[in-house]
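A.B. asks: Handing you this structure, nothing more for now.
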Amino acid sequence: MLNGYRIYDADAHVKFSPAMWKTLAPEFIAKRPRPLRVSDGADIKSTDGWLIDGRMEPHPFGPGTQGADKPHDVLVDFGASPRNAGSFDLSKPDLRIRDMDHFGIDHQMIFPTTLYAKMGFDPEFEAAMYRAYNRYIGAQCKFDSRRLKWSGLLPLRNQQHALTALDEMQKLGATAAVVYGTVGDKLLGHSDFNFIWGELARRHLPLCIHMGMSYPPFEALCGSRLEAHAIGMSMPGLLAFVGVVGRGIIDRYPELKIAFLEFGAEWVFYMVGRIEHYLPTYRDDPGMKDLPRGTIKDSINSGRVFFAPEAEDRWLGHEIQLVGDEHVLYGSDFPHGEEREEAATRFIERTELTTPQKEKIFYHNAVKLFGEP
């Protein structure tokens, strides 16, 4: 607990680590991510990364640049602290519990690093990496399955891979499934993915749409980390909102729950306004199928769409007024380096929020989404 509030952290992470692909299928071992270090990097900020599909990820400049997770976070040979590395990659779950206790976090929903959004262009390799990650995180969270919850990566480029991964992650104890804002260059609302919505609804497994540079054309636009965060990693979330909410998927599957994580929430004003502005004129168009039955506001107030604002969002009170205080989540983003670990304290300090609203944001809404821990 923190200052009397129970905390269910709806968005925490594990950092990229070789421990995650120990069960990788043999035919993909040679392609596994490998740690790299730039030997003459005195004039650049980032000197280490992973070799993924022939590219260094993350890389410090050029198209697709981003920070993400580096070998020096988890590998002692690259300078990682043994005390922190075991918590960061969950290789020592007891150290993660230690860190949760330090920040007053009772339960934590754990997601993979956003580097998994950039597994290259081979659907077979991507699916193999996703499933290896799921096996790893499922095993590590068994250390304390009540406090350590996890969301399994869902490989959507191939239907059979997706269904097999879904079966496997549920057997391993996943509480949710996670995808990024697009599946390569396809919207989540694309007909290729119609098969998954009913499956998730039938299994009562919520879908979490997480920030990540999943849409390849955006990479060419991003030559700095600022552009990467503002465009390449965040904009796919808006594409996901159009693809899922704008296509009426929430209406058609009344058991389906969806969360938008780490994009902030201020964007929701623009997207709701834009779609609702055009929606009435499209209802009479025979070429426009699968539109929402009601308004977009009806969809986001359905009790099944959740958002995770930043603690410093300037319009937080207005966001809550729009989406409803039962649809707002708290996420620490631990252990990433943007100082969100103290976000709970900042939420507590928000004077426009009532105590019951804070209790919902910190705990009850995550229970509505993921179930009792």
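A.B. asks: Only helical DSSP H runs with n ≥ 4 go in: add -39500 (n - 2.57) per run for the chain, normalise by residue count and round the 222 nm mean residue ellipticity to 500 deg cm²/dmol. Please list the in-between numbers first.
C.D. replies: Working: 14 runs with 126 residues, N = 373.
Counting only the DSSP helices, I get -9500 deg cm²/dmol.
A.B. asks: What does the charge dipole of the stretch 233-283 about its Cα centre add up to, to the nearest 20 debye, if the Cβ of each Lys and Arg holds +1 and the Cβ of each Asp and Glu holds -1?
C.D. replies: 200 debye
A.B. asks: Also, I was wondering about something else. By average Cβ neighbour count within 10 Å, what is the ranking of 265-276, 83-94, 230-241 from highest down? All intermediate terms of the calculation are to be shown ahead of the outcome.
C.D. replies: Working: 265-276: 16.7, 83-94: 19.3, 230-241: 22.4.
In descending order of packing, they fall as 230-241, 83-94, 265-276.
A.B. asks: With charges set only on the Cβ (+1 for Lys and Arg, -1 for Asp and Glu), what does the dipole of the stretch 134-289 come to about its Cα centre, in debye to the nearest 20? Please report the intermediate quantities before stating the final value.
C.D. replies: Details: 17 positive and 15 negative charges, 120 e Å.
That gives a dipole near 580 debye.
A.B. asks: Continuing with the same structure: Would you work out the charge dipole size for the chain about its Cα centre, treating the Cβ of every Lys and Arg as +1 and the Cβ of every Asp and Glu as -1, and quote it to the nearest 20 debye?
C.D. replies: On the way: 43 positive and 51 negative charges, 182 e Å.
Here the size comes out at about 880 debye.
A.B. asks: Identify, among PRO254, ILE296, PRO309, the residue whose Cα sits farthest towards the positive end of the charge dipole of the chain, taking +1 on the Cβ of Lys and Arg and -1 on the Cβ of Asp and Glu, with the dipole about the Cα centre.
C.D. replies: About the Cα centre, the residue reaching furthest to the positive side is PRO254.
A.B. asks: Which residues' amide hydrogens lie under 5 Å from the amide hydrogen of HIS59, considering only partners 5 or more residues apart or on another chain, with H built in the peptide plane?
C.D. replies: GLN66
A.B. asks: Given LYS45/LYS297; LYS149/LYS186; LYS31/LYS171; LYS297/LYS360; LYS70/LYS171, which pairs have Cα atoms separated by over 32 Å? Can you show the working numbers first?
C.D. replies: Details: LYS45/LYS297 44 Å; LYS149/LYS186 29 Å; LYS31/LYS171 27 Å; LYS297/LYS360 20 Å; LYS70/LYS171 30 Å.
Long pairs (Cα-Cα over 32 Å): LYS45/LYS297.
Each reported figure results from applying straightforward, stated rules to the coordinates on display, with no laboratory input. Here the structure is a predicted model, which is why all the values come from computation and not from measurement. All Cβ positions, even for glycine, are placed from backbone atoms using ideal geometry, and neighbour counts span all protein chains on display.
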